[in-house]
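**Q** Just passing along the structure, written as structure tokens.
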Amino acid sequence: MSESRFDWPVRIYYEDTDAGGIVYNANYLKFMERARTEWLRALGIEQDRLLAEGVAFVVRHLTLDLRRAARFNDQLRVTVSVKLLKRVSIVFEQEILDDAGLCLAKGEVVIACVDIAQMKPFAIPEQLMGVLSGAR
């Protein structure tokens, strides 16, 4: 993981494709979600521990620009970059790249920290904020 960008490998399986043999559009979001989870894990942050403390990260808003199709058996890289770290939210820029580095999909994802019991915005815990700030 570089200081500014995290990369996560993804291989396309048959189950990821639609009847036309290309990756079904919603699966790009799944790949991005997995990469964000692995980014947190690489920082030593396990989401199940956060959940046990009553804190969760939830998607608040996203945009996705699908540029080129991925197909069965392709090997891709999903990137994670923090665009903006705020008191209650994180704005990520993510790309899905083919093995030649060509951008297949690009997205911006806004994640909000919430108190699970109330499902209301909750300030990112201070210790966690310190880790996240160091990863930018």
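The values are calculated or read from the model by the stated rules, or taken from the named source; none is laboratory data. Nothing here was measured: the structure is a model prediction, and the numbers come from that model. Every residue, glycine as well, gets a Cβ built from its backbone with ideal geometry; the counts of neighbours run over all protein chains shown. All accessible areas refer to the heavy atoms of the entire protein, side chains included, with ligands and DNA or RNA removed. Shrake-Rupley method; radii C 1.70, N 1.55, O 1.52, S 1.80 Å.
**Q** Would you check which residues across the stretch 44-93 are among the charged types (D, E, K, R), under 26 Å from ILE12 (Cβ atoms) and surrounded by fewer than 13 Cβ atoms within 10 Å (Cβ to Cβ) and list them? Step through it out loud before you land on a result.
**A** Going through the stretch 44-93, the residues among the charged types (D, E, K, R) turn out to be 46, 48-49, 53, 60, 65, 67-68, 71, 74, 77, 83, 86-87, 93.
After this cut, where a residue has to be under 26 Å from ILE12 (Cβ atoms) as well, the list is 65, 67-68, 71, 74, 77, 93.
Of everything in the stretch 44-93, those that are among the charged types (D, E, K, R), under 26 Å from ILE12 (Cβ atoms) and surrounded by fewer than 13 Cβ atoms within 10 Å (Cβ to Cβ) turn out to be ASP65, ARG67, ARG68.
**Q** Another one. Determine, yes or no, whether ARG34 is over 24 Å from LEU97 (Cβ atoms) and open to solvent by 100 Å² or more (accessible area, probe 1.4 Å). Steps first, answer last, please.
**A** Values: over 24 Å from LEU97 (Cβ atoms): no; open to solvent by 100 Å² or more (accessible area, probe 1.4 Å): yes.
Criteria not met by ARG34.
**Q** Considering the stretch 1-14 alone, what residues qualify as being under 20 Å from ARG71 (Cβ atoms), open to solvent by less than 60 Å² (accessible area, probe 1.4 Å) and in a strand (DSSP E or B)?
**A** Residues of the stretch 1-14 that are under 20 Å from ARG71 (Cβ atoms), as a first pass: 8-14.
Still in the list and also open to solvent by less than 60 Å² (accessible area, probe 1.4 Å): 10, 12.
Result: VAL10, single match.
**Q** Within the stretch 94-133, which residues are more than 30 Å from ARG11 (Cβ to Cβ), at pLDDT below 95 and open to solvent by less than 70 Å² (accessible area, probe 1.4 Å)?
**A** Residues satisfying the conditions are PRO125, LEU128, MET129, GLY130, SER133.
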